[in-house]
Amino acid sequence: MRRWLPGLLLVSPSIVAIAVFVYGLLGWNFKVAMSDQHDEISQGSFVGLENFTGIWDQERWGISVRHAIVFTVVFVGGALVLGWFLAFLMEKGIRGEGGFRAVYLFPMAVSFIATGVVWRWLMNSGTGEQAVGLNSLFSHLGLGFLEWQWFRDPDWGMAAMAIPAIWQMSGYVMALFLAGFRGVPDELRESARVDGCGEWQVYRYIVLPMLRPVTLSALIILGHISLKVFDLIVAVSGKQIITDVPAVFMWTAVFDSHDPAKGATIAAYIVLSVAVFVIPYLVWNARKGNRP
């Protein structure tokens, strides 16, 4: 007891807090999701998975899911590619590396709300004499053909919505990849060069395979951020159907439509979608840590 009891007492407040405010509230959310509590007064009775299946009959839910998929693909892919490219440039040893790192990482210090407010102006859909932000810049540069409706575009609006998120998170991804680049031993690179490998072959067969854990970590982090994104969407476009995502739909269901069961059902789907990313990563880490 002298060995394990002090440590247990030290972490017990955190264990209790997590048990109550994380897993306890998750359990309560699933309880409400499996009830017919569609107003704020009634207690509701158990209906099983009825809400989970019935929500797929609502057109808005299908729209929000499609928007979330488009946002996730563009955001995750864009942040990974841009972050890797910035890390590649930094890894080659440029002058003023510390200053560049600070510039690239600075957006991480800004909240999604502040980012959304700024990018709402930058991505204003006005054109011609009413153009502001990026459209005004394109017009003054003689690139009027690049003027776009941005997040108001009915087809690619969610792809444009991912641009502010890419801008904010690419610096963080760069830091992850840069640490991965710097973690590759120079001896391996030199051995490959001695064996006749060119620079591209060194990266393809030595460096990139060793970056797989970093890539997986970045993918998990970006994936769970994109699936539960809320503040950026609301700050840029508000609660519009054209940029609706499950988190925004959940907010309107609970606080505008006053339907706790529907909101809890949407929240449960968000939790399950995040778990699809996180749980395999945790299992993989656990197995990796148990290997001799």
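The values are calculated or read from the model by the stated rules, or taken from the named source; none is laboratory data. Bear in mind that the values here come from a model prediction, so they are computed numbers and not experimental data. Cβ: placed from backbone, ideal geometry, glycine included. Neighbour counts: every protein chain shown. Areas reflect the complete protein model, heavy atoms only, side chains present, ligands, DNA and RNA absent. Shrake-Rupley method; radii C 1.70, N 1.55, O 1.52, S 1.80 Å.
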Tally time: how many residues in the stretch 15-53 are of a type in the set (Val, Ile, Thr), open to solvent by 70 Å² or more (accessible area, probe 1.4 Å) and not in a helix (DSSP H, G or I)? 1
Restrict the check to the stretch 217-228 and report whether at least one residue is outside any helix (DSSP H, G or I) and within 21 Å of residue 71 (Cα to Cα). yes
Listed by first then second residue, the pairs whose first member lies in the stretch 116-133 and is more than 12 Å from residue 235 (Cβ to Cβ), whose partner is of a type in the set (A, V, I, L, M, F, W, C) and open to solvent by 70 Å² or more (accessible area, probe 1.4 Å), with beta carbons under 7 Å and at least 6 positions apart or on separate chains, are 132/121; 133/121
What number of residues in the stretch 54-91 are open to solvent by less than 60 Å² (accessible area, probe 1.4 Å), closer than 20 Å to residue 243 by Cα and without any contact (Cβ under 8 Å) to a residue 60 or more places away in the chain? 2
Does residue 119 fit the bill of being open to solvent by less than 40 Å² (accessible area, probe 1.4 Å) and closer than 27 Å to residue 231 by Cβ? yes
Can you tell which of 184, 202, 214 is part of a helix (DSSP H, G or I), under 16 Å from residue 90 (Cβ atoms) and β-branched (Val, Ile, Thr)? 214
Expected single match for touching a helix residue (DSSP H, G or I) at 6+ places or on another chain (Cβ under 9 Å), within 22 Å of residue 102 (Cα to Cα) and modelled with pLDDT under 85 among 193, 182, 189 is 182
Which numbered condition residue 104 fails, given (1) surrounded by fewer than 21 Cβ atoms within 10 Å (Cβ to Cβ); (2) modelled with pLDDT under 85: (1)
